[in-house]
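Readers should treat all values here as calculations from the given coordinates under stated rules, not as data from a laboratory. Please read these numbers as outputs of a predicted model, since none were measured by experiment. Cβ atoms come from the backbone with ideal geometry, glycine included; neighbour counts cover every protein chain shown.
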Amino acid sequence: MRSLRVVLLLSMALCLPPVAAAESARAEAAGVDSRRMQERLDRLEAQLQNQGLLGLLTRLEENKSDIARLRGALEEFSHQLKLAEQRQKDYYQDIDQRLKALDARQGTLAGQLSKSAEGLNLQAAGALKGAAKPAVPAVLAPVTSAAAGAPTPTPTPVGVEGMALYEKGSAIFKRGKYPEAVAAFEHYVKDYPDSDLTANALYWLGLSYLAMEDFKQAAEVQQRLIKSFPKHDKRADAMLSLARVQARLKQNAAARETLDQLIAQYPKSKAAGTGRKLRAILD
């Protein structure tokens, strides 16, 4: 009996190593499968990450292309804007040069007219000195023109002192001393607001302001002449001067309107002829 138990124990001992080896092999195989699975998962994650990065890179390149196109469009727009600004600048410079040329031509003609009128006015002043009553000078008297029906102030004769003050302003203007001419003509207009030379004094006062490039005052003075002396022969010249001032102020629409009124009301005047040329420039 004891011998049988020993035999059984030896048999069991001999059978145990193969079973343990089988269990160890199965565990090792499971570990290999687990590692393989982990490697596959790692590869899948790497692929997904690469695809995400590739998509981001693709979108980044697309955004760069869009930015480049927008930058090119912006540069083209800026170039076109600069060209438009330069064309506008050249346009206004051309208008300004033409206006200055017209102003210089008018100043020359005005000087000649003032010089020829000075002699006649001196003759009239001499006649006033010798006469019992002051006579009305024949030169620069108001002439009936457009704006029929508008009230016209009754002119009063100019005495010796008034004539001297007007001639002083004219002489100063011809010498190009425009601030002094402004003072002289302002004095005349204040002391003789309704004389037969007031409209002329206003006209030369406006030209003096224009020569000083005080465009606001020049416009106000010429508008005063146009409104206060609707039938005076200087009214057409005042309208032309006003249009020039408006053009110098870049008020082209107002200048065109003034010129249209000038041409309509005084179609045969020299001022209208010059006004047509200026109107063509402003179109």
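Things to note:
- Shown is the FRET efficiency for LYS250 and ARG224, computed with R0 = 22 Å from the Cβ-Cβ distance and rounded to the nearest 0.05: 0.45.
- Convex hull of Cα atoms in the range 157-268, direction-averaged projection (nm²): 6.8 nm²
- Under the Debye formula (equal points on every Cα, no solvent term), log10 I(q)/I(0) of the range 223-275 at q = 0.16, 0.24, 0.28 Å⁻¹: -0.39, -0.85, -1.10
- The H on the amide N of SER195, modeled in the peptide plane, is under 5 Å from the matching H of THR156, each at least 5 residues off or on a different chain.
- For the range 201-246, diffusion coefficient by Stokes-Einstein and Kirkwood Rh (Cα), 20 °C, 1.002 mPa s, µm²/s: 217 µm²/s
- Taking label positions 7 Å along the Cα-Cβ direction at both LYS190 and LYS270, the computed distance is 3.2 nm, reported to one decimal.
- Protection proxy ranking of 225-237, 246-258 - average other beta-carbon atoms within 10 Å, highest first: 225-237, 246-258
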